[in-house]
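Since the structure comes first, as structure tokens, the remarks are kept for the end.
The values are calculated or read from the model by the stated rules, or taken from the named source; none is laboratory data. Computed from a predicted structure; not experimentally measured. So basically every Cβ, Gly included, is an ideal-geometry build from the backbone, and we count neighbours across all protein chains shown.
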Amino acid sequence: MPEELNLDYSLLTPEFCLAGLAALVFALDLFAPRFRKEWLPYLTAAGLVAILGLSFGWANKESDFAGLLSVDNYTTFFRVFFMATAAAVALASAQFVPARLRHPGEYYGLLVLSTIGAIYMAAARELLTAYISLELLSFSLYVLVSYAKFDPRSNEGGMKYMLLGAFSSALFLYGLSLIYGSAGSTFYADIASAYAGGTEEFDLGLLMGLVLVLAGLGFKVAAVPFHMWTPDAYEGAPLPITAYLSATSKAAGFALLLRLFSSAFLPVLDDWQWMFAALAALTMVLGNLVALQQHNIKRLLAYSSIGQVGYMLMAVAALSSATASALLLHLSGYVITNLAAFTCIIAWNNLTGKEEIADFRGMAERAPLLAASLTAALFSLAGMPLFAGFLTKFLLFQAVAEEGFLWLSVIAVVMSLVSLYYYLMVIKELYISQPEEPGRLPVPALVNGLAVALVVGVFYVGIFPRHLFEAAQEATKLLFA
């Protein structure tokens, strides 16, 4: 524990602003006339973008708050990452929420509050702080997944997510208690120092603690065999929340995993490296093979995201400065791509009310810009050249292979080829199958603009990744200093 606590609250200014934004959204929903509630998503997005800009004030600075939270380039990277993601989801929800959900203020307020939890998961440098941050994110998501309370699928998905989430949180907390018992501290730096001196006296307790911590976090990122909640939660949740789950929930889990295992558990690398390698292989294989059998677009993307988690787990298994920066780059490209895909799917659902893969037939005739954007996103997820997914996967697989895990990279390449098949099946429906009804659909300009902006981001990461990769390197080099 630090001898002198730095209680400089100005370090947490972005999070205080986010809490104020959530309170403002709640208040406007409560007191504003009904017709003005249609402005809530735009207010939320504008507030998030403004606070995102404010966060750059802490770039290239290194400090901490009370030894509990780091404020450095790693935290700044994820502040920008999570706020940009929440802003995109808020805009994608603008037409969906008034038509399908009630109480929009609570919806957008919870979106903002969950962003605070995600940021603190990345910033935490103490076990209980990490746990509380994880629970803030998780409880917000439990409510949001079951937010369509008149939809039985939403109730079922939210209930499964909450029950399994509570179980995984208990496993994670029990694992933390074993780590505390063996290391004598909950601070990452103190844990690393305790383990650097040898673990002969508490080897079993350490191993059990690592297993339980990995099981708890494995649930949060949907790694096999802790993925059981994912298809039902993705299918039952309102579509924008499915997008949010696939982006922020996973990214926050990996942000915590990366800082925790590079800061606290690096001295006992040999004790946990094999666990991550095995989970990565299982997750890649099961996620991509089961995705081949899906007929609902949300369930297909659920299993696709499980396969993507396998690729990301490889970076933690082969943990180094190179794999960590490659992971952040891949995570950024994946989230931009996934948001582009879900923006198109949400727009199609708003216009047709359908979400089966077969219901997307003829989309190229009825909404050509949406079809082109969705195709670009699916090609990127598959890892085709010129798209973000190709370059980020290439750098990630190469970094993992250079750390001695060539066999994992080979499995990842094979599974990427498998994924191309089920993405092409969706694209076939868009362009080859005939539409059920003739005529163009009136896609709102905002939706088209958001989809195009995200697709531009996909190509930017795929063709000009230098600036983002340098930001990822700056963010992760502190973890291995």
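Numbers below:
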| read-out | value |
| --- | --- |
| Tally of residues being buried (at least 21 other Cβ atoms within 10 Å of the Cβ) and assigned to a loop (DSSP other than H, G, I, E, B) across segment 307-365 | 2 |
| Flag if residue 279 is over 20 Å from residue 82 (Cβ atoms), of a type in the set (A, V, I, L, M, F, W, C) and at pLDDT 90 or above | yes |
| Residue 221 being touching a Lys or Arg at 6+ places or on another chain (Cβ under 6 Å) and within 29 Å of residue 335 (Cα to Cα) | yes |
| Filtered residues of segment 397-416 (kept if among the aliphatic types (A, V, I, L, M) and within 12 Å of residue 323 (Cα to Cα)) | 399, 400, 401 |
| In segment 366-392, the residues that are part of a loop (DSSP other than H, G, I, E, B), within 22 Å of the chain's Cα centre (by Cα) and either closer than 18 Å to residue 302 by Cβ or not hydrophobic (A, V, I, L, M, F, W, C) (or both) | 383 |
| Flag if residue 54 is surrounded by fewer than 19 Cβ atoms within 10 Å (Cβ to Cβ), touching a Ser or Thr at 6+ places or on another chain (Cβ under 8 Å) and assigned to a helix (DSSP H, G or I) | yes |
| Any hit, segment 439-446, residues being free of Cβ contacts under 8 Å to residues at least 24 places away in the same chain and either surrounded by fewer than 19 Cβ atoms within 10 Å (Cβ to Cβ) or charged (D, E, K, R) (or both) | yes |
| Residue list for segment 229-266, restricted to those being over 12 Å from the mean Cα position of the chain (by Cα), of a type outside the set (A, V, I, L, M, F, W, C) and in a helix (DSSP H, G or I) | 230, 231, 232, 234, 235, 236, 240, 259, 262, 263 |
| In segment 1-22, the residues that are without any contact (Cβ under 8 Å) to a residue 24 or more places away in the chain and in a helix (DSSP H, G or I) | 10, 16, 20 |
| Residue check, residue 356 acidic (Asp, Glu) and within 30 Å of residue 318 (Cα to Cα) | no |
| Residue within segment 66-77 that is modelled with pLDDT of 90 or more, over 30 Å from residue 8 (Cβ atoms) and out of contact with any Pro (no Cβ under 8 Å at 6 or more places or on another chain) present | no |
